[in-house]
Amino acid sequence: MESHVEASGYGQPLEVSAPAQGTPFLILCEHASNRVPACLNDLGVSQEVLNSHVAWDPGALGVAKTLRQKLDASLINGNISRLVYDCNRPPEAESAIPARSEIHDIPGNTNLSEKARMERVENVYVPFVQAVSEEVRQKRNDLELLITIHSFTPIFHGKKRAVELGILHGENDRFAKAMMELQPAKAPYVTRLNEPYAAKDGVTHSLDLHGAQNGLLNVMIEIRNDLIATPQQQDDMASYLYPWIEKTLDHLRNSKVSA
């Protein structure tokens with residue numbers, strides 16, 4: 001089942017793909033799109049900037065979609081650039097609507113009035129939060145795990161990142177730490193806990209709001225985007241992740257039973 005939410009002037013701010021029956025898995029991909037509504041005139045930035053990681057998480061949606069299929073999960077993905085509004089940030093966060101992102105000024109986000117900010121919140125963030133809340137409500141009896149899928153750049157501020165796969169947690173660290181303990185033998189990717197970001201960087205809003213506050217196990221998976229640049233790489237990454245995720249959930253279920 002797929003559904004779309006329409007916001008006036010903004011088009012569809014998100015997409016929901018969910019099985020009719022219950023599933024233990026809910027996947028979020030907040031930064032799935034680099035689309036800027038026409039009414040915002042590309043925020044005054046070039047197409048080159050809109051195509052870059054500044055505007056979205058390249059490759060993340062492809063991984064999320066394949067994971068959804070393999071796990072028979074629900075998937076909710078954003079359909080508007082994080083430069084318009086970052087759905088992994090609360091409205092009070094300055095980074096929710098950045099006036100500058102990395103080395104790029106974002107003219108369309110500079111000196112916004114409170115009314116203009118609230119228009120972004122109401123047309124992008126609120127529909128996303130409502131869609132996730134409704135999916136949790138509908139699948140409440142079956143849901144166990146919230147997964148958020150993101151990607152990051154190989155080079156940040158001129159420095160090469162050695163980490164290839166990041167396993168992150170917010171308030172609830174159980175699933176992330178269990179994943180690290182249950183890494184596949186001879187793991188093909190350099191995998192680290194809470195790298196290249198961590199809760200202190202403000203990246204765990206969705207995990208805490210939709211996961212921890214609903215009593216769900218949760219984890220953020222960050223993938224270096226040069227490893228998921230093609231559809232085949234995205235499928236390969238999802239094929240690597242899904243049995244690891246299933247194994248970790250089974251382990252925690254068994255631990256709970258035996259406790």
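The slack in the chain from residue 134 to residue 240, taken as 0.36 nm per residue of separation less the alpha-carbon distance, amounts to 35.2 nm.
DSSP finds beta bridges in the chain, and of those with both partners inside it, around 45 percent are antiparallel.
Computed from the C-alpha gyration tensor, the three semi-axes of the ellipsoid equivalent to the stretch 95-210 are 29, 24, 10 Å, from longest to shortest. Annotation for the stretch 20-72 versus the stretch 104-131: alpha-carbon center distance of 17 Å.
Taking 10 °C and 1.306 mPa s as conditions, the chain diffuses translationally at an estimated 85 µm²/s according to Stokes-Einstein applied to its Kirkwood radius (Cα pairs).
What does the highest-first list of 111-121, 42-52 look like by mean Cβ count within 10 Å?
42-52, 111-121
What is the sum of charges, Lys and Arg at +1 and Asp and Glu at -1, for the other residues whose Cβ falls under 14 Å from the Cβ of residue 28?
-3
Sorting the segments 185-192, 62-69 by their mean number of nearby beta carbons within 10 angstrom, highest to lowest, gives 62-69, 185-192.
Can you give the calculated 222 nm mean residue ellipticity of the chain, where each DSSP H run of n ≥ 4 adds -39,500 (n - 2.57) and the sum is split over every residue, rounded to the nearest 500 deg cm²/dmol?
Values: 6 runs with 73 residues, N = 259.
Computed ellipticity for the chain at 222 nm equals -9000 deg cm²/dmol.
Identify, among 21, 138, 249, the residue whose Cα sits farthest towards the positive end of the charge dipole of the chain, taking +1 on the Cβ of Lys and Arg and -1 on the Cβ of Asp and Glu, with the dipole about the Cα centre. The Cα lying farthest towards the positive end belongs to 249.
To the nearest 20 debye, what is the magnitude of the charge dipole of the stretch 159-259 about its Cα centre, counting +1 on the Cβ of each Lys and Arg and -1 on the Cβ of each Asp and Glu?
The calculation lands at about 260 debye.
For the stretch 113-240, the antiparallel share of DSSP beta bridges with both residues in that region comes to about 35%.
Taking a straight Cα-Cα cut-off under 18 Å and skipping sequence neighbours fewer than 8 places away in the same chain, the aspartates and glutamates within cross-link reach of residue 177 are 144, 164, 195, 208, 222, 246, 250.
What you get for the chain, charging only the Cβ of Lys and Arg (+1) and of Asp and Glu (-1), is a dipole of about 520 debye around the Cα centre.
In this simple spin-label model, placing a label point 7 Å from the Cα along the Cα-to-Cβ direction at both residue 232 and residue 47 gives a separation of 2.7 nm. With the simple spin-label model, which puts each label point 7 Å out from Cα in the Cβ direction, the residue 155 to residue 110 separation comes to 2.6 nm.
Each reported figure results from applying straightforward, stated rules to the coordinates on display, with no laboratory input. Not measured: the values here are computed from a predicted model. Cβ coordinates were reconstructed from backbone atoms using ideal geometry, including for glycine residues, and neighbour counts include every protein chain displayed.
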